[in-house]
1. Go from 0 up to the bin containing the longest alpha carbon distance in the stretch 8-109, width 10 Å each, and give me the % of pairs per bin.
2. What does the charge count around Thr37 come to, taking other residues whose C-beta lies under 10 Å from its C-beta (Lys +1, Arg +1, Asp -1, Glu -1)?
3. Taking K and R as +1 and D and E as -1, what net charge do the other residues with C-beta under 15 Å from the C-beta of Val24 add up to?
4. Apply the Karplus parameterisation 6.51 cos²θ - 1.76 cosθ + 1.60, with θ equal to phi minus 60°, to every residue of the stretch 8-21 and state each ³J(HN,Hα) to the nearest whole Hz, in sequence, with x for glycine and proline.
5. Let me have the relative contact order for the chain, percent, based on Cα pairs under 8 Å that are six or more residues apart.
6. Can you give the local net charge around Met73? Use residues other than it whose beta-carbon is closer than 12 angstrom to its beta-carbon, Lys and Arg +1, Asp and Glu -1.
7. Where does each of Val96, Val55 land when they are ranked from fewest to most other beta-carbon atoms within 10 angstrom?
Amino acid sequence: MIFAPVTMTLKDGGSAVLRSPDPVKDAPDLVQYLYDTAADTPFVLRTPEEVSMTVEGEERFLRAVVESPNDCMILCEVDGRIAGNCHLSFMTKAKVRHRCSVAIALRKA
């Protein structure tokens with residue numbers, strides 16, 4: 001699912017862009033982002049040592065997300081760098097269609 005880009009003004013006067021990922025352009029940065037967010041806090045699902053995603057694997061994953069009618073990923077980009085992301089995965093079975101899983105991570109900086 002594609003999220004239409006939105007630009008927001010931050011408290012410090014800077015700007016942030018919320019947008020869908022570009023599988024080819026963003027995959028290398030998102031692999032590093034996985035390491036960074038895993039190292040920033042113990043409250044994410046993996047440690048830096050457990051990050052095993054390759055750039056090619058991340059490209060495949062991102063492509064599947066942007067092409068899916070049931071998944072949406074939104075990146076938050078500040079000063080050209082990915083500062084955060086949110087992945088929404090909507091349930092499709094009849095009894096749980098009203099539900100969604102949400103994963104959010106932010107870079108500490």
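1. 14, 43, 33, 10, 0
2. Local net charge: +1.
3. Working: positive: Arg19, Lys25, Arg60, Arg63; negative: Asp22, Asp26, Asp29, Glu56, Glu58, Glu59, Glu67.
Overall, the nearby charge balance is -3.
4. 10, 8, 8, 4, 7, x, x, 10, 10, 10, 9, 7, 6, x
5. Once normalised by length, the contact order is 27 percent.
6. Here the charged neighbours net out to -3.
7. Val96, Val55
A short reminder: the numbers here are calculations on the coordinates, not readings from a lab. It should be emphasised that the depicted structure is a prediction, and the values quoted were computed from it without experimental measurement. Don't worry about glycine lacking a Cβ; one is built from the backbone with ideal geometry, like all the others, and counts go over all protein chains shown.
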